[in-house]
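S.K.: Below is the structure I would like to discuss, written out as structure tokens.
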Amino acid sequence: MKSIPFWNPLPEYEKIATEVHTAIARVLSSGTLILGPEVAAFETSFAQYIGCRYGIGVGNGTDAIILALKALGVGQDDEVITAANTAIPTVAAIMAVGAVPKLVDVLPDSLLMDPAKLQGAITKRTRAIIPVHLYGQSCDMDTIMKIATSKKVFVIEDCAQATGAEYKSKVSAKGGPAYGRKSRKSKVGSMGSIATFSFYPTKIIGCYGDGGMITTNNPALAKRVRSLRMYGTEGTYNAIIEGGINSRLDELQAAILSVKLKNIKRWIKERQRLAHRYNQGLKSTPLILPSQPQKVSPFEANSHVFHLYIIRHTKRIEIQKYLRMHGIGTAIHYPVPIHLMPAYSKLGYEKGDFPVAEGACHSVLSLPLYPGLTDDDQDRIINALRAYFK
Ligand SMILES: Cc1ncc(COP(=O)(O)O)c(C=O)c1O
């Protein structure tokens, strides 16, 4: 029996191999390896794709959050609010700048930050909110931006899992500097004060290695990030900002990402098609399927880019073992909520503090979903799950 891995980068690579090899050869024969024309070109085209004025390439998605916090002046003992079910790096980045993560629970259907919990979490020490567009879907940015604006706190969108996802923008809402653009829809990463992306290989577009990006419409912030990613320097060997680090996207990865960006629309459509097939194939089972954004009108529906296709069931470990026996790989995003991880016990939270996030951590299971997953393989996964419940 042929096994179906949870993730397989090869079908995507095989489709773009010639272009990728040409791009790599171009960089290697140019002699410029760091912060050259490839990075500049990718920063411009990525920012354009997101609908932002500035893009700044950095080393990875975790550094992107650290740099965004530093650029906003968030540091020692400031409070930063994020979701209790986020990926570890969101919280690790907050701690890395000396700030204190404050967690809020998530909505039961989408598992995204619950804006109703935000108000109560904001204190005099709150400097920023990090909504995490988890699994590939936008948070409720209208409400989050309204709360952030009224409380005068920054919003850093963590878009690591949602490159290309769209939010049903309402132009009338008041928000941060990047908010309220004319288009009826906004891509994630264009609505907050600043936004961060990851190009880890499994992401919507990924490097053959590590990479990340920051987007913003604010020229002063963009300038600070550019300096902070390179030791805090401006020009050659002259540090102008304290707290700089070394976190640069390199020329090779930027050249590869430029090839991938040309394909992003097609790949997102393919992810959505596969998700639709799962929805149809699994709707008769007791599994909880990913929440579908409500379509109010052609302009008023969020899009889900399905970085991850998450099913939920209380017997997910048994289901995972059963699928493994049938040669099908799965993963769990994530098995433990942040507040119950040993590294974050000092934050002072207890079991039961975030019941929705805790419940999700006990029931979520990620199924294989990537461009290149064949319909035949997906049918095998669907049929195995249906047979499990017979
Ligand atoms: C929500 C979220 N934020 C941040 C990151 C960090 O990205 P990176 O692995 O590129 O540092 C990830 C990566 O998995 C993520 O899923």
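Quick grid of which residues meet (1) open to solvent by less than 50 Å² (accessible area, probe 1.4 Å); (2) at pLDDT 95 or above:
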position	(1), (2)
168	yes, no
188	yes, yes
233	yes, yes
236	no, no
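S.K.: Okay, moving on. Among the residues of region 171-184, are any modelled with pLDDT of 95 or more and more than 16 Å from the ligand (Cβ to nearest atom)?
M.R.: Within region 171-184, not a single residue is modelled with pLDDT of 95 or more and more than 16 Å from the ligand (Cβ to nearest atom).
S.K.: Kindly indicate which of 27, 91 is of a type in the set (Val, Ile, Thr) and buried (at least 22 other Cβ atoms within 10 Å of the Cβ).
M.R.: 91
S.K.: Ok, one more. If you scan region 272-287, which residues turn out to be open to solvent by less than 10 Å² (accessible area, probe 1.4 Å) and either under 21 Å from the mean Cα position of the chain (by Cα) or not assigned by TED's automatic domain parsing to the domain that holds residue 371 (or both)?
M.R.: Of everything in region 272-287, those that are open to solvent by less than 10 Å² (accessible area, probe 1.4 Å) and either under 21 Å from the mean Cα position of the chain (by Cα) or not assigned by TED's automatic domain parsing to the domain that holds residue 371 (or both) turn out to be 274, 275.
S.K.: Right, here's the next one. For region 89-96, indicate whether the set of residues that are assigned to a loop (DSSP other than H, G, I, E, B) and of a type in the set (A, V, I, L, M, F, W, C) is non-empty.
M.R.: No.
S.K.: In region 69-86, which residues are touching a helix residue (DSSP H, G or I) at 6+ places or on another chain (Cβ under 8 Å) and either near the ligand (Cβ under 9 Å from one of its atoms) or part of a strand (DSSP E or B) (or both)?
M.R.: 80, 81, 82, 83, 86
S.K.: Report, ordered by the first and then the second residue, all pairs with beta carbons closer than 9 Å, sequence separation of six or more or different chains, a first member in region 1-22 that is more than 20 Å from residue 200 (Cβ to Cβ), and a second member that is charged (D, E, K, R) and open to solvent by 80 Å² or more (accessible area, probe 1.4 Å).
M.R.: Short answer, once both residue conditions are applied: 19/262.
S.K.: Right, here's the next one. Give, as residue ranges, the helices (runs of 4 or more DSSP H) completely inside region 247-342 that count at least 2 residues that are modelled with pLDDT of 95 or more and farther than 30 Å from residue 228 by Cβ.
M.R.: 264-282, 316-325
S.K.: Something else now. Search region 232-258 for residues that are basic (Lys, Arg) and pair each with any residue that is open to solvent by less than 70 Å² (accessible area, probe 1.4 Å) when their beta-carbon atoms are under 9 Å apart and the residues are at least 6 apart or on different chains.
M.R.: Final answer for the pair search is 248/35; 248/39; 248/57; 248/58; 248/59; 248/229; 248/230.
S.K.: Do you know which residues across region 87-111 are more than 10 Å from the ligand (Cβ to nearest atom) and either acidic (Asp, Glu) or in contact with a helix residue (DSSP H, G or I) (Cβ under 6 Å, 6 or more places away or on another chain) (or both)? So that I can check it myself, show each step before the final result.
M.R.: In the first step, residues of region 87-111 are kept if they are more than 10 Å from the ligand (Cβ to nearest atom); the result is 94-111.
Passing the criteria: 96, 97, 101, 102, 103, 104, 105, 106, 108, 109, 111.
S.K.: All but one of (1) in contact with a Phe, Trp or Tyr (Cβ under 8 Å, 6 or more places away or on another chain); (2) within 26 Å of residue 138 (Cα to Cα); (3) crowded, with 18+ Cβ neighbours inside 10 Å hold for residue 319; which doesn't?
M.R.: (2)
S.K.: Tell me which residues, restricted to region 112-146, are assigned to a helix (DSSP H, G or I), away from the ligand (no atom under 14 Å from the Cβ) and among the hydrophobic types (A, V, I, L, M, F, W, C).
M.R.: Residues satisfying the conditions are 116, 118, 121, 141, 144, 145.
The values are calculated or read from the model by the stated rules, or taken from the named source; none is laboratory data. Note that the structure is a prediction, hence the values are computed from the model and not measured. Because the Cβ atoms are built from the backbone with ideal geometry, glycine has one as well, and the counts that use them run over all protein chains shown. What goes into the accessible areas is simple: the full protein's heavy atoms, side chains included, and nothing from ligands, DNA or RNA. Shrake-Rupley method; radii C 1.70, N 1.55, O 1.52, S 1.80 Å.
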